[in-house]
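J.: Dropping the structure in here first, questions after.
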Amino acid sequence: MEPMTRFLFATALAACTALPAMADPIPLSDLSDYLNDLRTAEASFTQISDDGAIATGTLYIQRPGRMRFEYDDSELLVMAGGGQVAIFDDRANTAPEQYPLRRTPLNLILARNVDLDRSDMILSHEGDETTTRIIAQDPEEPDIGYITLVFTDEPVELRQWIVTDSTGFNTTVILGELEEGGNIPARHFNIPQELRDRGITE
């Protein structure tokens, strides 16, 4: 889990010196409805890691269960599909690292039916004048870490997430404007096809 999160995601931005005024957060039921209605989306992203590394790229989402990170100026490609996450690194002459998607906190937002009201899932639910922030864990897999999701309102939109793994390593993905509802090629999430295209034997 730890090596994967170090490749996949990046850390939280430095906290602001002045705390924003508190406000009523977006209800969990509304956030669940938003995620369940999100079928396909594309956005630019900025990734910042705990060691200070910064990367940019394009993110593709196709719910349920599919996600793809294409990195700019990088030899990394990260794919989620078929219940697996694969990290392709052109610098390594080896097969990609693969992990079960259910063993990553992102499974919480890629699940077929997102229900943030599930018992023991939400660790924190707060709002300020501009955003709602929740911290969630899989109650069936609490040892894998947790995810912080940041939303804006009117309309509800996912703006960033922060993954915290079991060692406390924090990572953040900050999203540009989400373009929802487009057609994304199925091969973008097909790990076996990517392996074949690269001539890699599973």
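The values are calculated or read from the model by the stated rules, or taken from the named source; none is laboratory data. Source: prediction; values computed, not measured. Cβ coordinates were reconstructed from backbone atoms using ideal geometry, including for glycine residues, and neighbour counts include every protein chain displayed. These accessible areas exclude ligands, DNA and RNA; they are computed on the full protein's heavy atoms, side chains included. Shrake-Rupley method; radii C 1.70, N 1.55, O 1.52, S 1.80 Å.
J.: Leaving out ligands and nucleic acids, and using a 1.4 Å probe, what accessible area per residue does segment 139-202 come to in Å²?
T.: 51
J.: What value, in deg cm²/dmol to 500, does the helix sum -39500 (n - 2.57) over DSSP H runs of n ≥ 4 give at 222 nm once divided by the residues of the chain? Write out the running numbers ahead of the final one.
T.: On the way: 4 runs with 28 residues, N = 202.
Only helices count here, giving -3500 deg cm²/dmol.
J.: With label points built 7 Å along Cα→Cβ from the Cα atoms of Asp143 and Thr201, find their separation and express it in nm.
T.: 3.4
J.: In a solvent-free Debye calculation with one equal scatterer on each Cα, what is log10 I(q)/I(0) for segment 41-105 at q = 0.13, 0.23 Å⁻¹, listed in the order of the q values?
T.: Each listed q maps to, in turn, -0.38, -1.12.
J.: Let me ask something else about it. Estimate the FRET efficiency between Glu180 and Asp73 by the formula 1/(1 + (r/R0)^6), using the beta-carbon distance for r and 30 Å for R0, to the nearest 0.05. Don't skip to the answer; put the middle values down first.
T.: Values: r = 27 Å, r/R0 = 0.89.
It comes out at approximately 0.65.
J.: Which entry in (i) 13.3; (ii) 15.4; (iii) 11.5 matches mean projected area of the Cα convex hull in nm² derived from the coordinates of this structure?
T.: (iii)
J.: Same structure again: Want the number for Asp128 to Tyr34: 0.36 nm per residue separation, take away the alpha-carbon distance, what's left?
T.: Numbers: separation 94, 0.36 × 94 = 33.84 nm, distance 1.91 nm.
Between Asp128 and Tyr34, full extension yields an extra 31.9 nm.
J.: Remind me, relative contact order of segment 122-202 in percent, using alpha carbon pairs under 8 angstrom and six or more residues apart? Walk me through the intermediate numbers first.
T.: On the way: 107 pairs, mean separation 12.9, N = 81.
Once normalised by length, the contact order is 16 percent.
J.: Positive end of the dipole of the chain, charges at C-beta (+1 Lys, Arg; -1 Asp, Glu), about the Cα centre: which of Leu110, Ala41, Ala92 has its Cα farthest in that direction?
T.: Of the candidates, Ala92 comes out farthest on the positive side.
J.: Taking the Cα centre of segment 102-194 as origin, sum charge times position over the Cβ atoms of Lys and Arg (+1) and Asp and Glu (-1), and report the length of that vector in debye to the nearest 20. Please list the in-between numbers first.
T.: On the way: 7 positive and 18 negative charges, 90 e Å.
Taking the Cα centre of segment 102-194 as origin, the dipole is about 440 debye.
J.: How large is Rg over Rh for segment 94-140, taking Rg from the Cα atoms and Rh as the Kirkwood inverse mean of 1/r across Cα pairs? Show your work: numbers first, answer last.
T.: Details: Rg = 13.9 Å, Rh = 12.6 Å.
Ratio of gyration radius to Kirkwood radius: 1.11.
J.: How big is the dipole moment of the chain about its Cα centre under a simple scheme where the beta carbon of each Lys and Arg is +1, that of each Asp and Glu is -1, and everything else is neutral? Debye, nearest 20, please.
T.: Details: 15 positive and 35 negative charges, 139 e Å.
Dipole magnitude for the chain comes out near 660 debye.
J.: Would you mind working out the accessible area per residue for segment 25-78, using a 1.4 Å probe, and quoting it in Å²? Please list the in-between numbers first.
T.: On the way: 2250 Å² over 54 residues.
That works out to 42 Å² per residue.
J.: Let me ask something else about it. Please compute the net charge surrounding Arg102, taking Lys and Arg as +1 and Asp and Glu as -1 over other residues with Cβ under 10 Å from its Cβ.
T.: Values: positive: Arg103; negative: Asp138, Glu140, Glu141.
Here the charged neighbours net out to -2.
J.: Looking at His188, Ser119, Pro142, which one has the Cα that reaches farthest to the positive end of the dipole of segment 50-202 (charges on Cβ: Lys, Arg +1; Asp, Glu -1)?
T.: Checking the options against the dipole of segment 50-202, the answer is His188.
J.: What's the carbon and sulfur percent of the chain's accessible surface, probe 1.4 angstrom, rounded to a whole number? Don't skip to the end; give the middle numbers.
T.: On the way: 4660 of 10180 Å².
Of the solvent-accessible surface of the chain, carbon and sulfur hold 46 percent.
J.: May I pose another question? Over the chain, calculate the relative contact order: mean separation of alpha carbon pairs under 8 Å at least 6 apart, over the residue count, as a percent. Write out the running numbers ahead of the final one.
T.: On the way: 435 pairs, mean separation 54.3, N = 202.
Relative contact order for the chain comes out at 27 percent.
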